[in-house]
1. Put +1 on the Cβ of every Lys and Arg and -1 on every Asp and Glu Cβ in the chain; which of TYR61, PRO30, THR83 then has its Cα farthest towards the positive end of the dipole?
2. Identify all aspartates and glutamates with a Cα-Cα distance to LYS37 below 14 Å; exclude those on the same chain that are fewer than 8 residues away in sequence.
3. Taking the stretch 44-102, how many lysine pairs are there with alpha carbons less than 17 Å apart, if each pair must be eight or more places apart or span two chains?
4. For the chain, what is the calculated [θ] at 222 nm in deg cm²/dmol (nearest 500), taking -39500 (n - 2.57) for each run of four or more DSSP H residues and dividing by its residue count?
5. Subtracting the Cα-Cα distance from 0.36 nm times the residue separation, let me have the gained length for GLN12 to GLU38 in nm, one decimal.
6. Could you tell me how many cubic angstrom of Cα convex hull volume the chain has per residue?
7. How high is the relative contact order of the chain? Use alpha-carbon pairs under 8 Å, at least six apart in sequence, and give a whole percent.
8. Cα atoms only, the stretch 48-102: Rg and Dmax in Å?
Amino acid sequence: MYDIINKLTAKQAEQKIREIYKLGSVIIHPHCQKRMKEKNYSSSDIDLLLSKGTVQEPPEYNDKFCQWRYKIKGNAVEGDKATVVVSIESHRELMCITIMPK
């Protein structure tokens, strides 16, 4: 797991997220699955955000889970703006924590 020392810049995170999306594993956390149902998002929306969205903000550190969280913003399949929050769990594993409009 990436720790507090391994904070990535927005650009580095975007590149690493795309690399993991293409070559590694993407895990959808149960909380994200719940939000997907509530907000009517699909796995296609997650795919589109991970492949085309941008990381525009610095990461936020979550003390409880000892992880950096990155917000990827872009358009969902229907064209509406959405944000998916992810953590980079390893060099080949990405966790989608939640998804929301905006």
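Rule-based calculations on the coordinates, nothing more; no lab input. Given the structure is predicted, the values throughout are model-derived calculations rather than measurements. Note that we place each Cβ from the backbone using ideal geometry, even for glycine, and neighbour counts take in every protein chain shown.
1. Most positive-ward Cα: THR83.
2. Here the aspartates and glutamates satisfying the reach criterion relative to LYS37 are ASP45.
3. 9
4. On the way: 3 runs with 34 residues, N = 102.
Counting only the DSSP helices, I get -10000 deg cm²/dmol.
5. Values: separation 26, 0.36 × 26 = 9.36 nm, distance 3.11 nm.
Full extension of this stretch gives 6.2 nm more.
6. Once divided by residue count, the hull of the chain is 86 Å³.
7. Details: 193 pairs, mean separation 35.2, N = 102.
That works out to 35 percent.
8. In order Rg, Dmax, the Cα atoms of the stretch 48-102 give 11.4, 34 Å.
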